[in-house]
Amino acid sequence: MAVAVVAAYLIPGQAGPVPLRTPAAARQGLPERFTSPDGTEYRRVGLVTLTGTEASIDVPVSGKPLEVATWCDGSLNRMPVVYVNSRRVHAPGYGCGDGLPRLVPVDVPKGSTQATLTFDRSAEGCVSLTEDGPCVPEQPDTAVRDVGVYEWTPPAMAVEPPRIKALPPEVDGLRLAGSASGRWPGATSFTLTGRGAGTVTVHLLCSGDLAQRMWFKFWVGGVEGRTRLGCSSWTRGPFPDAGMELEVPRGEQVTVTVRTGMWGEYTNRPVRWSAGLYVR
């Protein structure tokens, strides 16, 4: 599963909002409380320090959504795998290394009053050091790291996400052949049509605090793809070119069916999305 993620959070520190892109902010530690840009209030309900491969913590469960957060400030750092009561949490895959903290949604069994969260950062894969080189074992993350568990209070009313900038008519020599837009929660699927020269590319844009939690899965001519694609936000700078290339019959009109979904809870925190089909 491949997931493209763009994070854009602010976490208030002791003296006001601290931009997450400031690596030095990591030294302030994880706050007891913070408010996200859309006004959602977060409260820390657990804190554990990872010094080795694994650590666990028991946290109270009130019925409010839970998320896990940690700071990232080095090239080998990554979000640990999260288990709830020994069950692995399925959520977007997050890498680290850019000074950003990570927030991962956590589901707990309904009716629970307490849950055991385990954080595991054992190396799971391998990396290629050169373009055509061998895949060597991933280096372990050995940094001492605080991991916080937060619950958030859903806003009393739905927070309207910002409007999305218009999709460009051309990206990397490909022209826009079809588009669709919507709002989550809402329709769970849509279609795009166009005529490709062996491949087409789908570009996705989202807005809202939980934009990076959206996922999109593709069917071409009724054949299911194996990859879920995440969503980028675009507020300034060049277009975030992180589309999904799909193989299609050459020269034929094709229909791409896209299913939408979101990781974690989203009560009163909707997301806008826009999708474009680009062809040669």
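Please go through segment 140-154 and give me each residue that is among the aromatic types (F, W, Y) and either open to solvent by 40 Å² or more (accessible area, probe 1.4 Å) or not in a strand (DSSP E or B) (or both), ordered by number.
Result: no residue meets the conditions.
Between a residue in segment 47-64 that is charged (D, E, K, R) and any residue that is open to solvent by 70 Å² or more (accessible area, probe 1.4 Å), which pairs come within a Cβ distance under 8 Å, given they are 6 or more apart or on different chains?
Close Cβ pairs satisfying both conditions: D58/Q114.
Of the conditions (1) within 19 Å of S36 (Cβ to Cβ); (2) open to solvent by less than 50 Å² (accessible area, probe 1.4 Å), R121 clears all except one; give me its number.
Unmet condition: (1).
Before we move on, is T260 open to solvent by less than 50 Å² (accessible area, probe 1.4 Å) and assigned to a strand (DSSP E or B)?
For T260, the condition - open to solvent by less than 50 Å² (accessible area, probe 1.4 Å) and assigned to a strand (DSSP E or B) - is met.
Would you check if there is a residue in segment 44-61 being in a loop (DSSP other than H, G, I, E, B), surrounded by 13 or more Cβ atoms within 10 Å (Cβ to Cβ) and modelled with pLDDT of 55 or more?
Yes.
Has segment 202-222 got any residue that is of a type outside the set (K, R), at negative phi, touching a strand residue (DSSP E or B) at 6+ places or on another chain (Cβ under 8 Å) and open to solvent by 50 Å² or more (accessible area, probe 1.4 Å)?
There is at least one residue in segment 202-222 that is of a type outside the set (K, R), at negative phi, touching a strand residue (DSSP E or B) at 6+ places or on another chain (Cβ under 8 Å) and open to solvent by 50 Å² or more (accessible area, probe 1.4 Å).
Just wondering, is there one or more residues in segment 197-209 that are more than 29 Å from R102 (Cβ to Cβ) and part of a loop (DSSP other than H, G, I, E, B)?
Yes, segment 197-209 contains a residue that is more than 29 Å from R102 (Cβ to Cβ) and part of a loop (DSSP other than H, G, I, E, B).
For segment 166-175, which residues satisfy the criterion of being out of contact with any Phe, Trp or Tyr (no Cβ under 7 Å at 6 or more places or on another chain) and part of a loop (DSSP other than H, G, I, E, B)?
A166, L167, P169, D172, G173
Quick one: which residue in R236, R163 is surrounded by fewer than 20 Cβ atoms within 10 Å (Cβ to Cβ), outside any strand (DSSP E or B) and touching a residue at least 12 places away in the same chain (Cβ under 8 Å)?
So the residue among R236, R163 that is surrounded by fewer than 20 Cβ atoms within 10 Å (Cβ to Cβ), outside any strand (DSSP E or B) and touching a residue at least 12 places away in the same chain (Cβ under 8 Å) is R163.
Listed here are the residues, each with its yes/no results for (1) acidic (D, E); (2) within 16 Å of V45 (Cβ to Cβ).
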| residue | (1), (2) |
| --- | --- |
| S122 | no, no |
| T130 | no, no |
| P137 | no, no |
| V147 | no, yes |
| I164 | no, no |
| L167 | no, no |
| E170 | yes, no |
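Within the set of pairs 6+ apart or on separate chains, which have a first residue in segment 257-276 that is farther than 13 Å from A211 by Cα, a second that is in a loop (DSSP other than H, G, I, E, B) and of a type in the set (S, T, N, Q), and C-beta atoms under 7 Å apart?
R259/T188
With the structure loaded, tell me whether G173 is open to solvent by 20 Å² or more (accessible area, probe 1.4 Å), at pLDDT below 90 and at positive phi or whether it fails that test.
no
Mind listing just one residue for me: the one in segment 176-191 that is part of a strand (DSSP E or B) and under 18 Å from the mean Cα position of the chain (by Cα) and, of those, surrounded by the fewest Cβ atoms within 10 Å (Cβ to Cβ)?
Top of the filtered list is R183.
From the residues in segment 239-257 that are surrounded by fewer than 19 Cβ atoms within 10 Å (Cβ to Cβ) and assigned to a loop (DSSP other than H, G, I, E, B), which one is modelled with the highest pLDDT?
F239
The values are calculated or read from the model by the stated rules, or taken from the named source; none is laboratory data. This is a predicted model, so every value here is computed, not measured. When we count neighbours, we look across all protein chains shown, and the Cβ atoms used for this are built from the backbone with ideal geometry, even at glycine. Each accessible area value is taken on the protein alone, full model and side chains, heavy atoms only, with ligands, DNA and RNA left out. Shrake-Rupley method; radii C 1.70, N 1.55, O 1.52, S 1.80 Å.
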